[in-house]
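Just so you know, all these numbers are worked out from the coordinates, no wet-lab data involved. Predicted model, so just to flag it, every value in this text is computed and none were measured. Neighbour counts are summed over all protein chains in view; Cβ atoms, including those assigned to glycine, are modelled from backbone coordinates with ideal geometry.
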Amino acid sequence: MSTVGGSARLLLLLPTRTYRTEDFVDAARTLGVDLVCASEKPSTLEALAPDGLLTLDFADPERAAAAVADWSKARPLAAVVGVDDVTAAAAAAIAARLGLRASAPAAVAAARDKFQMRQCLAAAGVPVPRFRRIALADNPVLAARGVEFPCVLKPLSLSASRGVIRANTIEQFVVAFERIAALLVRDDVTVSGDAARYLLAEEYVPGLEVALEGLLIRGRLHVLALFDKPDPLEGPFFEETIYVTPSRLPDAVQRAIAATTTAACAALGLTEGPVHAELRVNDDGPWVLEIAARSIGGLCSRTLRFGTGMTLEEIILRHALGWSIASLERERPAAGVMMIPIPRAGVLRTVHGLDEASATRHVEDVVISAHAGQELIPLPEGWQYLGFIFARTERPADVEDALRIAHSRLRFVID
Amino acid sequence: MSEAATPDLKSRVQDLIDTMINPAVAGHGGFVELIDVQDNRVYLTMGGGCQGCGAADVTLKAGIERLIKEELPEVTEVLDTTDHSQGTNPYYTAGKS
């Protein structure tokens, strides 16, 4: 039986360094499921609590699936959920092996590889920037002669704009190329296969950028939220800062964004679970930049509440478990988050102004997730934020203003 | 009105923390301190490498709580009262994903 004392047994795949742990664990607690957590490194308590803790090689989905199939013989699972790009692939493989609800592993793998993704989307007629995959072993000067400028270079598999660099000239292309090559061999980057051997160069698409948060149920995309990104993302790096929902774009544009994302999901073969899509919108319509088989990253999901207060993570877990979901409608007030960018490299000493920032009108919470003494690495090599500011009120413009005011009240001492 | 735990339950929780949990989490430079047991709910704080650790919730819910409930079935919940924002040496630091 996949229940324990009446509780469904749920496996969460939680990398040790994800921001998503607290919100998913809280959701599991709210739903009263029997929670099993797997990470890529062993927990200190795994030997004492083998029914609740597992170590899995997320980088090898088939191996992870085999390990879970063996483990679950005596402890059947009702659902498995991954929380980021890497664990989504492992979760899909596990779900396929055990007959649980998820998109097909090949579809999730295609979404994970930016080159494969663009190939699938382009073949299906979904608008994507013109792209080329370039081997890191190639001569960058020669490679640069084959692209149009401005262009954007990016790794095949990293997320959250890590390693994404705009180049307007051959000289900038070469610098970006070498910077990405160096990034991919850093100790804190885990890539293998094509992701370690290639990068992607693609046309720079001007326009407004939005993020769509959705849930696929039996192949149908339900749009949970559409976020505007009011700060211009024009490079040379593409640091994400403010997300505000609902979008202030005209309804027709929002419908076009949803239709394009639906087409992208179909092209990839994604059918079940959360999707997070990034699109650019200009006079030619929406362009898909990324589509991932996971939910929004960081702590950003805290902006979202559904129905009578359900969190995004509760919805995702309920869907995976096959439980009913009372409402997928986001609450009416506007909401937003600022991912506090790292202004420069150094060591964080302290943060001033937290009380003043928290007291800003319409601000709900300010979370400083970096700790004193932490080494800070800005984009494009970095992978962390200083923290998150959350605001909520009736109008999107007021949410955006509140986030900017609160941020201006924070002072970070970095040596 | 909440009921204080019998000395027996509190001391049994303390014993579990001392003999099983703390020796294990010490491997990551962490420790757990029992604050109180009330109405069969265990309140604790996490320090050292556990304070501010990105995996602290996993350690708590899938490790510590499960272990305590298995050994002491009368315990209904284990609650973390730690201010994780004050952790200065977390074993795992959260990053983008």
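Below is a table of values for the structure above.
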{"item": "Relative contact order (%) - criterion: Cα under 8 Å, at least six apart; region: chain A", "result": "14"}
{"item": "Chain lengthening between residue A:355 and residue A:130 when straightened (0.36 nm per residue, less Cα-Cα)", "result": "76.3 nm"}
{"item": "Dipole magnitude (debye, nearest 20) for chain B, charges at Cβ of Lys, Arg, Asp, Glu", "result": "420"}
{"item": "Three semi-axes of the equivalent ellipsoid, the range B:7-82, Cα gyration tensor, whole Å, largest first", "result": "19, 12, 11"}
{"item": "Label-point separation, residue A:394 to residue B:81 (7 Å along Cα→Cβ), nm", "result": "4.1"}
{"item": "Long-range amide H partners of residue B:82 with built H, under 5 Å", "result": "B:46"}
{"item": "Candidates A:210, A:189, A:86, ranked by Gaussian network fluctuation over chain A, Cα under 10 Å, top entry", "result": "A:189"}
{"item": "Computed magnitude of the charge dipole of chain A (debye, nearest 20; Cβ of K, R +1, Cβ of D, E -1)", "result": "600"}
{"item": "Estimated [θ] at 222 nm from DSSP helical runs (n ≥ 4, -39500 (n - 2.57)) normalised by residues in the protein assembly as shown, nearest 500", "result": "-8000 deg cm²/dmol"}
{"item": "Cβ neighbours within 10 Å from other chains - mean over A:368-380", "result": "3"}
{"item": "For the protein assembly as shown: lysine pairs under 26 Å (alpha-carbon distance), excluding those fewer than 8 apart on one chain", "result": "16"}
{"item": "Point-to-point label distance, residue B:45-residue A:308, nm (Cα→Cβ direction, 7 Å offset)", "result": "3.7"}
{"item": "Part-to-part distance (alpha-carbon centres) for the range B:38-96 and the range A:1-77, which is given in Å", "result": "16"}
{"item": "Chain A: most fluctuating residue of A:366, A:141, A:36 per GNM, C-alpha cutoff 10 Å", "result": "A:141"}
{"item": "Most mobile of A:316, A:377, A:180 in a GNM of chain A (Cα contacts under 10 Å)", "result": "A:377"}
{"item": "Shape of chain A, Cα gyration tensor, a/c cut at 1.5", "result": "rounded"}
